[in-house]
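Structure first, commentary second.
The values are calculated or read from the model by the stated rules, or taken from the named source; none is laboratory data. Given the structure is predicted, the values throughout are model-derived calculations rather than measurements. For neighbour counting, all protein chains shown are included, and Cβ atoms are generated from backbone atoms with ideal geometry for every residue, glycine included. These accessible areas exclude ligands, DNA and RNA; they are computed on the full protein's heavy atoms, side chains included. Shrake-Rupley method; radii C 1.70, N 1.55, O 1.52, S 1.80 Å.
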Amino acid sequence: MSHWFHRNPIKPTEFVKFELKGVLTTDTCSKICGELRLRRDKLVSHFKNASNDLSEVTTEFNDYLRLFAGFLIEIQSPVAQLEDKEAGNKNSKLIPLIRFKWGNSMLPQTATEVSDTWFEALSMIQCMAMWLTKHAASMAGKDEVRESDAKECLQCLRQAGGMFQYVKEESSRLSGANEVEGSDFDPKVMETYVLTATAEAQEVIVARAIEMKHDDGLISSLAAVTSSIFSKADQCLNNLPEEQFARWRRYLQLKHHFYLAYAYAFIGQKLLSEDKCGEAVRACKQGIAEYKVAQEMAAMYATATGPGTRIKPESHLFFRRIEPLLNRHLEKAERENGFIYHQKVPDEIPQLDVEAAYGVAKLDPFKYPTPAELWNTAVYAAFDLSKATMPDFSKVKKSKSKLDPVHEEKIYQTEKDPSNSSGCVIA
């Protein structure tokens with residue numbers, strides 16, 4: 001959607017040489033490390049441009065993780081499975097051999113480092129998830145969005161949410177990772193990324209339901225669910241510094257109130273169809289109030305501090321259409337109530353259904369891919385730890401040096417209004 005999705009910066013990282021010198025006792029060991037160096041550099045470069053081909057970036061990402069697998073688990077057979085909880089996989093002997101340094105999406109001045117390959121794997125998965133959300137925004141920002149583009153947008157958001165969830169669940173592997181407040185491994189930040197991807201996937205479903213003219217009650221319920229998820233995401237960031245997190249929070253808050261406005265608009269229409277004009281009037285008035293708050297949040301977002309893109313949601317047709325929709329419903333309800341029903345307008349706001357029976361977005365669970373074919377028990381054994389320098393077993397800590405921010409290509413966002421009835425290009 002044009003000017004619709006806020007995006008935080010991609011995590012920066014330091015170049016890794018994968019130089020293990022005497023540890024590499026065979027050509028295959030050397031080949032694995034050489035390929036890892038090249039594949040990592042290429043993958044990180046792909047993350048700079050959100051419009052890169054999805055299948056190509058996905059292939060590069062999976063190939064890197066597969067080749068990196070032997071640095072995470074002990075290779076006991078040619079078909080070792082990282083996701084097989086019953087296999088009793090042991091940690092790889094190679095975990096502490098290489099020191100990795102990564103920046104954080106919300107803390108541009110703070111880098112963290114540790115000699116732990118799981119830190120690398122989880123950081124790379126986070127990066128891929130962030131890129132997927134940016135790719136979704138680029139697909140939605142086209143001048144003309146086809147149905148296949150909308151499906152790819154939804155697919156990317158669901159996959160990103162699953163990856164963020166995986167990182168959150170596996171982050172306990174990293175000692176000290178959650179001690180840096182506001183970092184990408186801060187539990188509050190990780191949960192916010194999960195919820196934001198879920199809510200944005202839900203946005204696509206709401207827009208589709210409006211475009212296909214589904215039942216008013218269902219649309220209201222879907223919008224209410226979406227609003228609730230955005231609110232939960234915002235609450236996760238409650239106690240984090242405003243200087244870094246204000247812009248992200250205003251984005252989540254404006255989406256929360258915006259979808260409340262849509263929820264009340266469609267429950268008002270439903271109540272009107274059921275001859276409950278008094279309640280319909282109250283619902284529409286509440287919807288207008290929520291829309292006004294969303295407008296205020298959009299204005300606050302425009303001047304809020306923090307990293308990430310600046311979007312213009314208030315200029316988007318999907319945003320602009322809600323006020324006249326609410327006014328039409330309100331005028332009709334008041335007119336019919338004055339002529340026919342003469343019902344009292346209640347003080348209580350009509351209750352929204354936040355338990356939608358259909359259409360709730362589900363995340364795609366992420367599974368770490370199987371080790372690459374180059375790995376087998378003999379190759380794993382050929383990495384000779386007796387020739388390694390003493391590993392650093394300390395926990396994740398702040399780095400003394402900074403990392404330059406990633407110079408990302410600007411995500412194209414059309415200025416054209418969509419021609420459909422909902423005003424949402426990804427419907």
Long-range amide H contacts for residue 73: which residues qualify at under 5 Å (H placed 1.01 Å from N, peptide plane, sequence gap of 5 or more or a different chain)? 92
When the charge dipole of the chain is computed with +1 at the Cβ of Lys and Arg and -1 at the Cβ of Asp and Glu, the Cα pointing farthest to the positive end, of 131, 333, 165, is that of 131
Diffing segment 34-47: the Karplus 3J(HN,Hα) column from phi (6.51, -1.76, 1.60, θ = phi - 60°), in whole Hz with x for Gly and Pro, holds x, 5, 4, 4, 5, 5, 4, 4, 5, 5, 4, 5, 4, 5
With each label point set 7 Å from Cα along the Cα-Cβ vector, what nm distance links residue 344 and residue 48? 6.8
Among 270, 134, 90, which one moves the most in a GNM of the chain with springs linking Cα atoms closer than 10 Å? 90
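If you roll a 1.4 angstrom probe over the protein chains with everything in place, what fraction of the accessible area of segment 1-155 belongs to carbon and sulfur, to the nearest %? Mind showing how you got there, number by number?
Details: 2650 of 5810 Å².
Roughly 46 percent, rounded to a whole number.
Under the 0.36 nm per residue contour assumption, what length would be gained going from the current alpha-carbon distance of residue 17 and residue 384 to full extension?
Working: separation 367, 0.36 × 367 = 132.12 nm, distance 1.82 nm.
Additional length available on full extension: 130.3 nm.
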Given points 7 Å out from each Cα along the Cα-Cβ axis, report the residue 412 to residue 328 separation in nanometres with one decimal. 3.2
Please give the net charge around residue 404, taking every other residue with its beta carbon less than 14 angstrom from that of residue 404, where Lys and Arg add +1 and Asp and Glu add -1. +2
Sort segment 1-65 into rounded, prolate or oblate with this rule: let a ≥ b ≥ c be the square roots of the eigenvalues of the Cα gyration tensor; rounded if a/c is under 1.5, and if a/c is not under 1.5, prolate when a/b is larger than b/c, oblate otherwise. prolate
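Can you list which of the GluC sites (Glu not before Pro) found in segment 265-302 are DSSP loop residues with at most 12 other C-beta atoms within 10 Å?
Working: sites: 274, 279, 290, 296; in loops: 274.
Passing sites in segment 265-302 are 274.
How much accessible area per residue does the chain have, counting only protein heavy atoms and a probe of 1.4 Å, in square angstrom?
Numbers: 18850 Å² over 427 residues.
Per-residue value: 44 Å².
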Can you tell me which of 355, 14, 191 moves the most in a GNM of the chain? Springs connect C-alpha atoms under 10 Å apart. 355
Averaging over every viewing direction, what projected area does the convex hull of the Cα atoms of segment 141-225 cover, in nm²? 7.0
Alpha carbon centroid spacing (whole Å) that separates segment 98-169 from segment 216-243: 20
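First compute the accessible area of segment 339-416 with a 1.4 Å probe, then give the percent of it belonging to carbon and sulfur atoms.
Working: 3390 of 6130 Å².
The computed percentage sits at 55.
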Given R₀ = 41 Å, FRET efficiency for residue 398-residue 310 by Cβ-Cβ distance, to 0.05? 0.90
Relative contact order for the chain, counting Cα pairs under 8 Å that sit 6 or more residues apart, in percent: 30
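Average projected area of the Cα convex hull of segment 109-169, in nm²? Numbers along the way, then the final one.
On the way: hull surface 20.9 nm².
Over all viewing directions, segment 109-169 projects a mean Cα-hull area of 5.2 nm².
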Per-residue HN-Hα couplings for segment 242-259, Karplus 6.51 cos²θ - 1.76 cosθ + 1.60 at θ = phi - 60°, whole Hz, x for Gly and Pro? 4, 4, 9, 10, 4, 5, 4, 5, 4, 4, 5, 5, 5, 5, 4, 6, 4, 6
In nm², what is the average projected area of the convex hull enclosing the Cα atoms of segment 173-289? 8.5
Rg/Rg_globular for segment 222-283, with Rg_globular taken as 2.2 N^0.38 Å and Rg from C-alpha atoms: 1.44
Tell me, what are the semi-axes, in whole angstrom and largest first, of the equivalent ellipsoid of segment 68-200 as set by the roots of 5 times the Cα gyration tensor eigenvalues? 29, 20, 13
Based on the alpha-carbon set only, what is the convex hull volume of segment 257-398 divided per residue, in Å³? 242
For a quick check, take a GNM of the chain with Cα springs below 10 Å and name the residue from 189, 180, 44 with the largest mean-square fluctuation. 180
Within-10-Å neighbourhood charge of residue 303 [Cβ basis; K, R +1; D, E -1]: +3
Return a whole-number percent for the relative contact order of segment 257-327, with Cα pairs under 8 Å and 6 or more residues apart as the contact set. 37
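Divide the volume of the convex hull of the Cα atoms of the chain by its number of residues and quote the answer in cubic angstrom per residue. Don't skip to the answer; put the middle values down first.
Details: hull volume 59.2 nm³, N = 427.
Considering the Cα atoms of the chain, their hull volume per residue is 139 Å³.
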Taking the Cα centre of segment 220-378 as origin and charging only Cβ (+1 Lys, Arg; -1 Asp, Glu), how large is the dipole, in debye to the nearest 20? 380
